[in-house]
Each structure stands twice: as structure tokens, then as C-alpha cells.
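Taking it in order: structure first as C-alpha cells, then the write-up.
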Amino acid sequence: MEKYRQWEHDQTYRALVDDLLAEPAVQKLANYTQHHHSNRLEHSIRVSYTSYLIGVRMGLNVRALARGGLLHDLFYYDWRTTKFDSGTHAYVHPRIALHNAEHLTELSPMERDIIVKHMWGATLAFPRYRESYVVSLVDDYAAVAEFMHPWRMKIFGEHFAS
């Protein structure tokens, strides 16, 4: 089984996110390229599931990690071409994602913090919860892995590609 697709068979994880994955607003993310070689839905699931797995091992709030991770990039524009007067993409898109997520589902304070602070490092606001740091760091890791995927395939082959 491809490493990335393991989430599909994890019933505990699926119980936390299936309602969100069934939403057209979330499925619409598949229409947007994220880090050149992935779409935004794939990226969001990768961040969500990896954060969830870390949370399981660390005894963190896995519900907030799974749901906040899935919704952290809930925006519908190409960030490479769309510019805002109110700030950089790193500042603006978490607020847009939070706004969209709040219209989709009830969010806990932790889930709100995860979504709005997931660009920590590129923005100045420190996360309030350990779970927010996890999603922020996993998001960074996933972005690099997705961007580098074709080169990893070329250099290392299928074995190291997942």
C-alpha cells in the first residue's frame, strides 16, 4: 500500500474527518495546484493525517490535529498569481481558510489556532497549542516533500518516493 494512501484504511482517523471530506467545499480543493506537484486536497490530507499520527504517538488532541490539519488551507485561489493589499499570502490565506472553515463546521479554539497560525515562522504570531506547532511543522515538511517529489523519484526511485 502506498504510504500516502494509508489514511483511507485508518478507521479511527476517518471517523474524525469523513464528514469534512464529504463536503463539496473540501473536495473543491482538488482543483487547485498546491506545491507544483500536488493539489491542495492531497496536501491537506497529507498534513492532516501526518499530524494525526504524530498526535497519537505524543498523546495530543488528535481530533483537532486531524480536522485543523485538513482545513488549514481551505482557500480557493492560486497563491502564485493572486496578491492582496492587506498582506502577504502567508498572512492572508490562514484567515481566509479560517473564515471558510467556520462556515463549514463548528471549530474548537484549538482548531481555530491551528488554522490561523499554521504559517508560524513565516508570520509572527506564536501558536497557542502544541497541536498548532505540529501542524505548522508538518505543513512545512509536506510542502518540501511535495515540491521535491519528481526529483526524489528520479534520484531514488519508487522506494523512497512515498
- Restrict the check to the stretch 55-74 and report whether at least one residue is over 21 Å from residue 15 (Cα atoms) and touching a Pro at 6+ places or on another chain (Cβ under 9 Å). no
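Residue-wise test of (1) at pLDDT 90 or above; (2) small (Gly, Ala, Ser); (3) surrounded by 13 or more Cβ atoms within 10 Å (Cβ to Cβ).
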residue	(1), (2), (3)
70	yes, no, yes
76	yes, no, yes
79	no, no, yes
88	no, no, yes
91	no, no, yes
99	yes, no, yes
103	yes, no, no
- Residues satisfying the stated conditions in the stretch 120-157, i.e. within 15 Å of residue 42 (Cα to Cα), buried (at least 16 other Cβ atoms within 10 Å of the Cβ) and either at pLDDT below 85 or basic (Lys, Arg) (or both): 143, 145, 146, 149
- Query: Can you name the condition, by its number, that residue 118 falls short on among (1) farther than 26 Å from residue 24 by Cα; (2) touching a residue at least 40 places away in the same chain (Cβ under 8 Å)?
  - Reply: (1)
- Query: Which residue out of 115, 45 is touching a Phe, Trp or Tyr at 6+ places or on another chain (Cβ under 8 Å), part of a helix (DSSP H, G or I) and not hydroxyl-bearing (Ser, Thr, Tyr)?
  - Reply: 45
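Listed here are the residues, each with its yes/no results for (1) part of a helix (DSSP H, G or I); (2) touching a helix residue (DSSP H, G or I) at 6+ places or on another chain (Cβ under 9 Å).
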{"residue": "101", "(1), (2)": "yes, yes"}
{"residue": "107", "(1), (2)": "no, yes"}
{"residue": "128", "(1), (2)": "no, yes"}
{"residue": "131", "(1), (2)": "yes, yes"}
{"residue": "135", "(1), (2)": "yes, yes"}
{"residue": "138", "(1), (2)": "yes, yes"}
{"residue": "144", "(1), (2)": "yes, no"}
- Query: In this structure, is residue 39 surrounded by 13 or more Cβ atoms within 10 Å (Cβ to Cβ) and closer than 19 Å to residue 96 by Cα?
  - Reply: yes
- Message: Every residue in the stretch 22-36 that is buried (at least 16 other Cβ atoms within 10 Å of the Cβ) and in a helix (DSSP H, G or I), please.
- Response: 26, 29
- Among the residues of the stretch 46-75, write down those that are within 10 Å of the chain's Cα centre (by Cα) and of a type in the set (Lys, Arg). 46, 67
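The values are calculated or read from the model by the stated rules, or taken from the named source; none is laboratory data. Small disclaimer: the values here were computed from a predicted structure and weren't measured. Quick reminder, even Gly has a Cβ in these numbers, built from the backbone with ideal geometry, and neighbours come from all protein chains shown.
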